[in-house]
Amino acid sequence: MEIGNWSSMAGMDDVYRQVRGRGLETNIAELETFGFTVIPREKTGAPAGFAEQLLDKLQAIIADEDALTVELNKHEDTKPAAGRQLFHLLARDQLFIDAMMNPVVRLMASYTMGLSYRLAGLVAFLKDGPARPTAMHSDSVGVPPPLPAYSTVCNVSWILTDYTVENGTLGFVPGSHRYRRHPTQAEQPQFAGGALPDDTVAPLIAPPGSLAVFTGNTWHCTFPKKNDVLRAHIATSFARNFVYPPESFDDLPDEIVAGQGPDFARIIGRQDWQGYRSEGPKLENMALVHGTYQSQYG
Ligand SMILES: O=C(O)CCC(=O)C(=O)O
Ligand SMILES: [Fe+2]
């Protein structure tokens, strides 16, 4: 059918027209049905060699920078996965801005988040040796169940190397975006020490240059990586605009804050794990809210 200029659609009429124009309707259907999709390199609109350039740039940054400048890289047991993460990439090179501003990335973000979407993070995951699996989780960190039927965050990831099971690719539970809750401890896959049959997890099989797109409600993890093949992706994550306190108290002088006790500091956001720059989130600040986060009380 022809898509009109329908004011009730709050801009989604035009987003959908563009989706159709770029031949991405199947991807939208997969995202709706399964909670994830893979857009092949040819449909991303990126110039030839884009993924290779991104990977070269990441490797240049790594060669130059101590992994321990990133807080999470200091915690072998508790960081999301063995390997290395790099945060706050936007300012490091125009290539990273291009990765976020890619028209297909923005289309998928606006389709998934609505047109109020904003960038939530730009993070590289690199694993160049054996790595234990990343636990099954949804990216709706801290959202209490039942999760909204729409997602509050989404993940559009540039795949930079060959993503296969052997190389420790991401795995998804197809349809889990409709469970509207987080996985429990028992819902970890068997390969991660849980009870969930491994064949419940669909591996993302994608060559470099592909875009993996998944909703904030979709359960995902990674397969154990047993080889030394470099495996890397850059997650551009987006959030709806309302996921953001309207008022900032970061200008309140430290001496005033110090006099009010620790709960005051937490309530005004002084100990938030969010708001990080290239050092990434601090585990101790994440721990302050972790106890309540995945519970029904949020
Ligand atoms: O690659 C990983 O270890 C985890 C990736 C992930 O969970 C994500 O991109 O949301
Ligand atoms: Fe994730």
Would you say Ser116 is of a type in the set (S, T, N, Q), out of contact with any His (no Cβ under 9 Å at 6 or more places or on another chain), closer than 17 Å to Val243 by Cβ and not in a loop (DSSP other than H, G, I, E, B)? no
Restrict the check to region 76-85 and report whether at least one residue is more than 16 Å from ligand 2 (Cβ to nearest atom), without any contact (Cβ under 8 Å) to a residue 12 or more places away in the chain and surrounded by 16 or more Cβ atoms within 10 Å (Cβ to Cβ). no
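Counting residues that are of a type in the set (Ser, Thr, Tyr) and without any contact (Cβ under 8 Å) to a residue 60 or more places away in the chain, which strands (runs of 3 or more DSSP E) fully inside region 202-290 reach at least 1?
Working: elements: 211-215, 220-222, 231-239.
Output list is empty.
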Residue count for region 225-242, restricted to those that are buried (at least 18 other Cβ atoms within 10 Å of the Cβ) and over 12 Å from the mean Cα position of the chain (by Cα): 4
Within region 172-184, identify whether any single residue is away from ligand 2 (no atom under 13 Å from the Cβ) and among the polar types (S, T, N, Q), and answer yes or no. yes
Failed item in (1) loosely packed, with under 14 Cβ neighbours inside 10 Å; (2) assigned to a loop (DSSP other than H, G, I, E, B), with Ala60 passing the rest: (2)
Among the residues that make up region 42-59, is at least one of them in contact with an Asp or Glu (Cβ under 9 Å, 6 or more places away or on another chain), closer than 30 Å to Ile3 by Cβ, among the hydroxyl-bearing types (Ser, Thr, Tyr) and in contact (Cβ under 8 Å) with a residue 12 or more places away in the chain? no
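Quick note: the coordinates plus some simple rules give every number you see, no bench work behind them. The model shown is predicted, which means the values in this text are computed figures rather than measured ones. Ideal geometry is used to build each Cβ from the backbone, glycine not excepted, and the neighbour counts take in all protein chains shown.
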